[in-house]
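Report on one structure; see the data block that follows.
The values are calculated or read from the model by the stated rules, or taken from the named source; none is laboratory data. It should be emphasised that the depicted structure is a prediction, and the values quoted were computed from it without experimental measurement. With ideal geometry, Cβ positions are generated from the backbone for all residues, glycine too; neighbour counts draw on all protein chains shown.
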Amino acid sequence: MDEIVKVESVTRRFPLNHDKTRNLVSALNDANLRVEAGEFLAIAGPSGSGKTTLLNLIGCIDQPTSGRILVDGVDTSKLSPARMSTLRREKIGFVFQTFNLIPVFTAAENVEYPLLIKGMGSHERRERVADALESVGLSARAGHRPDLLSGGERQRVAVARAIVHHPALVLADEPTANLDTHNATQLIDLMHGLNRRLGLTFIFSTHDARLLEHTDRIVRLCDGHIQSDSLNEGGIRGQVLASSLS
Amino acid sequence: MGKFLLLAFRNVFRNRRRTLMTLFMVGGGVAGLLLAGGYFAFMTRGLRESTINNGLGHLQIFTADHFRRDEVRVLDTGIENWQKVAATVTSAQHVRGVAPRIDFYGMVSNGTKAAGFMGSAVDPVAEKSLGFISRVVSGRELDTKPGGEVEALVGIGLAKSMNVKVGDGLTILAMTSDGALNGVDVQVVGIVNSGIAELDARYVRITLTAAQRLLQSDRVTNLVVGLDSTDNTDLAFNELTPRLQGLPQQMELKKWIDLATYYKQVSNMFNGIFLFMGIIVFFMVLMSSVNTLLMSMMERTREIGTMLAMGTPRLWVVALFMVEATLLGVMGAAAGVAAGNLFGTLLNSAGLHMPPPPGYTEAILFKVLHVPSIMIVSSMLVIFSLAFASIVPAIRASRLQIAEALAHV
């Protein structure tokens, strides 16, 4: 399989106050991780363990203090801010904990947004948006604004927005944290289905034990250190992977 | 592009109360400028027309020598064979008529006292046909029929210092074109008040025929041209300029605006006041809008972070904020233009009057003109002000650290 993400000895420190040279706190320490294309990977750990920091670094919305990250073979540490922006636009889809939909846009317009900034023509945009909304089961809600959608529906719109431009990688930061169990399970099933059906690579962070059952691979973080990186044999694909490894 | 504008448009109405307040403020500024500018325009237009109708005319023809040198002898820089020049001009489009004038100086005496005067000789028929009116406060205008005694109008100040009233006689003395001293007895038929005390203290007006007899010359100082409308001044000027080229004397054509010093001073004063008001409105809109737009930016920090995370170019974010502010400006300007015109119409229909200015006895009608150029300038002013106000919030929004913005609560 192709390697889609490679994290090499990445450390991220944040200053505790305005003096950026002193009182640094480490959010991530010497992390190493490889993710293959088509994987469905969970980054698990308690609050403050560095899950979001790792996702932000992989998603090119933050820069490591040391080490390097390759996304689809591109060394992100060597990219200018504008090239990073282009990389995010072209290769990465984001799903956020709080949905982060544009409130004045309808569901369809929110899904269309990544295509707009890519400069895609209107005809193709319409087709892609329709496909994406259909794939998350929200075709009937296309014209509704986020405030008229339930939490689960909003997050499904966010997933449709993350996949509409056919990214190489979808990053989801605690996507089920604001959902009830029913909606959370539905969302994970949806993402897993998209992962299997479209071959999309999903990396998501969670500290929700319910969700980990559905994942193939779990990377556990604690205090900025990767404690374990294991296949989840309870997971559907994990079972296949585990049996092939044994 | 369409979706981008749609996003900007919907963002404008995201916080309706705040948008309404901003529109109210921007619209109020525009409406205020429209009302003030419309009133100034009415005053300026009134002054322009009264300046022209009080005898300045729309165009004046002089010999070129008139501006090149002082007269050595009376009327030696004047127009000879002025009737031919007048005929050349009269046939032009928009010309209603031509009135010859002579400016002359001399002494006036009531038999016991003498004083210097500034004389103006006119053709009463031509003046009347062009609607040029003297501000006669007692007596009447000069008679249009020739013959009889030489009639004169005198300024109210001169009449007072010479102790004359309508019906009294005066003697006026002036140098002839040959350098001799000549005099003529005149009968005061009217007393005029131009509103300018310095002029009224020395002003004498007689007929052109009487002045030519007094000065022993058939020349005139200038020809005053009246047009059908002040708006046609430039057209007539352009048509008359070549016509005056082939005449024996080199002529120079002047527009009324070049001769109306007082009008220009008043007009400049109104323009200065309007500019000052415009600057106040500009900064008023600027200061309050910066605050509003910064608040809007702060409220949307996470949303902007999301847009940037998805790969939105930072320039787009700058453009989005600037377009939103510009849209707000356009809507505020439209509301202001509508409100300003509505209030203007209501005020006009109320028939209000302003107290008379110094030197005048009659109250002045309060009227607001609907001037398209003022609407455009006022609208552009607030639109530019809002666009300018959005620069700081727009740049701050575009420079947000994405990770921090996404964590913003």
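Within the range B:3-51, take every residue that is part of a helix (DSSP H, G or I) and of a type in the set (Lys, Arg) and give me the one that is nearest to the other protein chains (Cβ to nearest Cβ). Residue satisfying both the conditions and the ranking: B:Arg10. Restricting A:Leu133, A:Leu115 to residues that are closer than 23 Å to B:Ile304 by Cβ, in contact (Cβ under 8 Å) with a residue 24 or more places away in the chain and of a type outside the set (D, E, K, R) narrows the list to A:Leu115.
The single condition among (1) surrounded by fewer than 18 Cβ atoms within 10 Å (Cβ to Cβ); (2) polar (S, T, N, Q); (3) over 26 Å from B:Glu49 (Cα atoms) that B:Asn271 does not meet is (3). Only one of the numbered conditions (1) within 31 Å of the chain's Cα centre (by Cα); (2) over 20 Å from B:Asn54 (Cα atoms) is violated by B:Glu198, and that is (2).
When you scan the range B:260-315, how many residues do you find that are away from chain A (no Cβ under 14 Å), farther than 30 Å from B:Val224 by Cα and within 44 Å of the chain's Cα centre (by Cα)?
The qualifying residues number 24.
Name the residues in the range B:157-203 that are surrounded by fewer than 19 Cβ atoms within 10 Å (Cβ to Cβ), among the hydrophobic types (A, V, I, L, M, F, W, C) and out of contact with any Leu (no Cβ under 7 Å at 6 or more places or on another chain), would you? Hits for the range B:157-203 are B:Val166, B:Ala180, B:Ile196, B:Ala197, B:Leu199. Just to be sure, is B:Ala333 surrounded by fewer than 21 Cβ atoms within 10 Å (Cβ to Cβ), modelled with pLDDT of 95 or more and in a helix (DSSP H, G or I)? Criteria not met by B:Ala333. If you go through the range B:181-237 and keep only what is of a type in the set (D, E, K, R) and in a helix (DSSP H, G or I), you end up with B:Glu198, B:Asp200, B:Arg213, B:Asp231, B:Asp234. Just wondering, is there one or more residues in the range B:98-111 that are part of a helix (DSSP H, G or I) and closer than 26 Å to B:Asn238 by Cα? Within the range B:98-111 (the criterion being part of a helix (DSSP H, G or I) and closer than 26 Å to B:Asn238 by Cα), the answer is no, since none of the residues qualifies.
Yes/no matrix, rows are residues, columns are (1) surrounded by fewer than 20 Cβ atoms within 10 Å (Cβ to Cβ); (2) modelled with pLDDT under 90; (3) among the hydroxyl-bearing types (Ser, Thr, Tyr):
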{"position": "B:Lys3", "(1), (2), (3)": "yes, yes, no"}
{"position": "B:Asn15", "(1), (2), (3)": "yes, yes, no"}
{"position": "B:Asn54", "(1), (2), (3)": "yes, yes, no"}
{"position": "B:Thr63", "(1), (2), (3)": "no, no, yes"}
{"position": "B:Val74", "(1), (2), (3)": "no, yes, no"}
{"position": "B:Gly78", "(1), (2), (3)": "no, no, no"}
{"position": "B:Gln83", "(1), (2), (3)": "yes, no, no"}
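Every condition in (1) surrounded by 17 or more Cβ atoms within 10 Å (Cβ to Cβ); (2) closer than 25 Å to B:Leu5 by Cα; (3) more than 13 Å from chain B (Cβ to nearest Cβ) holds for A:Ser49 except the one numbered (2). Selection of helices (runs of 4 or more DSSP H) fully inside the range A:69-142 by the criterion of at least 3 residues being closer than 27 Å to B:Arg399 by Cβ and within 9 Å of chain B (Cβ to nearest Cβ) returns A:81-91, A:107-118.
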